[in-house]
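The next block holds one structure in the form of structure tokens; read it before the comments.
The values are calculated or read from the model by the stated rules, or taken from the named source; none is laboratory data. A quick note: this is a predicted structure, and the numbers were derived from the prediction, not measured. Cβ placement follows ideal geometry from the backbone for every residue including glycine, while neighbour counts extend to all protein chains displayed. Note: areas computed on protein heavy atoms with side chains; ligands, DNA, RNA excluded. Shrake-Rupley method; radii C 1.70, N 1.55, O 1.52, S 1.80 Å.
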Amino acid sequence: SKGTYEFYMLKEIDEQPGVMRHLSQDYLDDAGHPVVDKNIVDAMSKADRLYIFAAGTSYHAGLVGKDLFETLTGIPTEVGYASEAGYHFPMMSKNPFFIFLSQSGETADSRVVLKEANKRGIPSLTMTNVEGSTLSREASYTMLLKAGPEIAVASTKAYTAQVALQAILAKAIGENLANPNAKNFALKEELALAAEGIQQIVDGKEKIKKLADEYLIHSRNAFYIGRGIDHAVALEGALKLKEVSYIQTEGFAAAELKHGTISLIEEGTPVIALISDPITADLTRGNIQEVASRGASVITIAAKKLAKYGDTLVLPNIDYLLSPLLTVVPTQLLAYYASKDKGLDVDKPRNLAKSVTVE
Ligand code: M6R
């Protein structure tokens, strides 16, 4: 039940520290090694390429998964919209392995791809929050997100669970393949930092509500920008905001704005910049300058180790690969308050259903 919460979305945002702790307890042993079904690890270790298919927020989690799998396992990884792959099947490597990310396990677009994979004998794994769901029954293997039921149409805790569980799986495969990056990745400690960090961010939600009220609710449009893994989170932040607040929002690779879209920046256009990639942080700051000088109202969300005087929100430090676990949380809260403070039905945005069972 919602308990004292007005909407499930905020309850589910607040539950994320607990989700991080449960995943760590259930999927990592005391020494921090992943506890994952050996059959899954063996099957994936044999793959020469991983293919992640999903839709919406789960697709955005897959974009983060690509970085995790490639860094920790060394296996090239592609991410695709299930809806596209179903009818334009990507060219396959010799030994592909498919990963389906789906909170509900019922997304019709993903089922089309899985059916084709099964026809071709391609092994597959479904990561889902719903035990016994269709995608879970039809795939070769299943891993459960264990995030607890997600009721709000806007997905929040399933996203962070998908990122964390992909990290666990990538470390398991990487350790099996003796990949040094996997061996050195202190995942147990990092997930503890994630839990604490998310808690700190949700405890500061009043400040985020004020930002939504001041910069977003009176605006027709908004932008999220970031580079590297921050780009993946920019796409997710934009989807979340537009889905529940009806403010048209686009996520961009920070430098791409200047290749056309910067013409949309006017006095007061909100631009939310994410800065957790050490390699590109200064370049992103340059892009912030470009939009600020055209009148944009810029909100900067930066990791502590990269923060500069004047940043709007400073987030606790965490390994770059897991930074989405923290950067996504203010984007969820901005979306929540923008919707609620416009008087909208946060949990049930118009035209949307929780699981999309039609193509
Ligand atoms: O259940 P799934 O994870 O397969 O759902 C995929 C999308 O339909 C879903 O993430 C959708 O984009 C959400 N409404 C986003 O908040």
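Here THR134, THR160, THR156, THR128 are screened, and the one residue that is of a type in the set (Ser, Thr, Tyr), over 22 Å from the mean Cα position of the chain (by Cα) and within 14 Å of the ligand (Cβ to nearest atom) is THR134. In a residue-by-residue description of the stretch 200-222, the property of being open to solvent by 20 Å² or more (accessible area, probe 1.4 Å), in a helix (DSSP H, G or I), at pLDDT 95 or above and over 26 Å from ALA273 (Cβ atoms) applies to no position.
So, PRO96, is that one open to solvent by 30 Å² or more (accessible area, probe 1.4 Å), more than 15 Å from ARG111 (Cβ to Cβ), more than 16 Å from the ligand (Cβ to nearest atom) and in contact with a strand residue (DSSP E or B) (Cβ under 7 Å, 6 or more places away or on another chain) or not? Explain how you work it out, then say what you get.
On the way: open to solvent by 30 Å² or more (accessible area, probe 1.4 Å): no; more than 15 Å from ARG111 (Cβ to Cβ): yes; more than 16 Å from the ligand (Cβ to nearest atom): yes; in contact with a strand residue (DSSP E or B) (Cβ under 7 Å, 6 or more places away or on another chain): yes.
In short, no.
I'd like the full set of residues that are open to solvent by 50 Å² or more (accessible area, probe 1.4 Å) and touching a Ser or Thr at 6+ places or on another chain (Cβ under 6 Å), limited to the stretch 63-91. LYS66, GLU70, listed by residue number. Checked against (1) more than 23 Å from SER155 (Cα to Cα); (2) open to solvent by 20 Å² or more (accessible area, probe 1.4 Å), ALA117 passes all but condition (2).
Note on the stretch 48-62: residues that are away from the ligand (no atom under 12 Å from the Cβ) and either more than 30 Å from ALA253 (Cβ to Cβ) or open to solvent by 10 Å² or more (accessible area, probe 1.4 Å) (or both) amount to 2.
Which of the residues that make up the stretch 196-255 are closer than 26 Å to GLY18 by Cα, of a type in the set (Asp, Glu) and within 16 Å of the ligand (Cβ to nearest atom)? Matches in the stretch 196-255: GLU236, GLU243. Residues satisfying the criterion are present in the stretch 165-184 (criterion: in contact with a helix residue (DSSP H, G or I) (Cβ under 8 Å, 6 or more places away or on another chain), open to solvent by 10 Å² or more (accessible area, probe 1.4 Å), more than 15 Å from VAL35 (Cβ to Cβ) and part of a helix (DSSP H, G or I)).
For the stretch 99-125, which positions are within 15 Å of the ligand (Cβ to nearest atom) and of a type in the set (S, T, N, Q)?
From the stretch 99-125, those within 15 Å of the ligand (Cβ to nearest atom) are 99-114, 124-125; that's our starting set.
Once the filter is applied, which keeps residues that are within 15 Å of the ligand (Cβ to nearest atom) and of a type in the set (S, T, N, Q), the stretch 99-125 yields SER102, GLN103, SER104, THR107, SER110, SER124.
Hey, any hits in the stretch 5-25 for a residue that's open to solvent by 50 Å² or more (accessible area, probe 1.4 Å), farther than 18 Å from ALA172 by Cα, not in a helix (DSSP H, G or I) and not acidic (Asp, Glu)? So far as the stretch 5-25 goes, yes, one or more of its residues are open to solvent by 50 Å² or more (accessible area, probe 1.4 Å), farther than 18 Å from ALA172 by Cα, not in a helix (DSSP H, G or I) and not acidic (Asp, Glu).
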